[in-house]
Amino acid sequence: MIASKTVKKIATIPAAPPLPAKAEKPVDRQVERQRVAALKPPGSASLEVRFRAGSSVLSRDDEKRLKTMARKVEPTDARLQLKAYAEATGNDTSKARRLSLSRALSVRSFLIENGLRSTRIDVRALGIARDGGPPDRVDVLMLER
């Protein structure tokens, strides 16, 4: 006995056309992370405090600008983030990190003396500036809550 097979035809759905291939160059993940890390948070106000090479002393002009920023931030719930940098001679990253910390603490102390609570100020001593900005500086970022 021969078995007969009945084949039912099922409706076929046409396949979606293939997406066009993009000509992308390879992404350097390290460079991409640095670029993203260097971006300022949305809605943040910033102030750049410059220092002389090897110094952590604030200039009178910078003190005036920091005092203005302290008055602006004090009545809000905003926090300040201090990102400090220092130039290094040769490959002495440890010395650059210590100098950047000294600069950040100088800015922090001045802000505290002018009415900001220490708990509202975050310090990041980053040492050598790898973001393309000036090497001897502290970036003061106002972070809204």
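The values are calculated or read from the model by the stated rules, or taken from the named source; none is laboratory data. Worth saying up front: this structure is predicted, and the values here are computed from it rather than measured. Using ideal geometry, Cβ is built from the backbone for each residue, glycine included, and neighbour counts are taken over all protein chains shown.
For segment 82-100, what are the residues that are on the phi < 0 side of the Ramachandran plot and surrounded by fewer than 20 Cβ atoms within 10 Å (Cβ to Cβ)? Steps first, answer last, please.
Taking segment 82-100 and keeping what is on the phi < 0 side of the Ramachandran plot, we get 82-89, 91-100.
Selection gives Glu87, Ala88, Thr89, Asn91, Asp92, Thr93, Ser94, Lys95, Arg97, Arg98.
Please go through segment 58-71 and give me each residue that is free of Cβ contacts under 8 Å to residues at least 60 places away in the same chain and out of contact with any helix residue (DSSP H, G or I) (no Cβ under 7 Å at 6 or more places or on another chain), ordered by number. So that I can check it myself, show each step before the final result.
Pass one, segment 58-71, residues free of Cβ contacts under 8 Å to residues at least 60 places away in the same chain: 58-65, 67-68, 70-71.
Hits for segment 58-71 are Ser59, Arg60, Asp61, Asp62, Lys64, Arg65, Lys67, Thr68, Arg71.
Would you check if there is a residue in segment 87-104 being closer than 16 Å to Leu58 by Cβ, touching a Ser or Thr at 6+ places or on another chain (Cβ under 8 Å) and among the charged types (D, E, K, R)?
Taking segment 87-104 first, the residues closer than 16 Å to Leu58 by Cβ are 99-104.
When the remaining residues are screened for being touching a Ser or Thr at 6+ places or on another chain (Cβ under 8 Å), the result is 99, 102-103.
Narrowing the set further to residues that are among the charged types (D, E, K, R) leaves 103.
Yes; the residues of segment 87-104 include at least one that is closer than 16 Å to Leu58 by Cβ, touching a Ser or Thr at 6+ places or on another chain (Cβ under 8 Å) and among the charged types (D, E, K, R).
Considering each of Ile121, Ile112 in turn, give the residue that is more than 15 Å from Val49 (Cα to Cα), in contact with a helix residue (DSSP H, G or I) (Cβ under 6 Å, 6 or more places away or on another chain) and crowded, with 17+ Cβ neighbours inside 10 Å.
Ile121
Out of all the residues in segment 118-140, which are closer than 16 Å to Arg71 by Cα and in contact with an Asp or Glu (Cβ under 9 Å, 6 or more places away or on another chain)?
Arg120, Val140
Within segment 113-145, which residues are at pLDDT 90 or above and on the phi > 0 side of the Ramachandran plot?
Gly115, Gly127
In segment 57-103, what residues are of a type in the set (Val, Ile, Thr) and at pLDDT 90 or above?
The first filter runs over segment 57-103 and keeps only residues of a type in the set (Val, Ile, Thr), leaving 57, 68, 73, 76, 89, 93.
Val57, Thr68, Val73, Thr76, listed by residue number.
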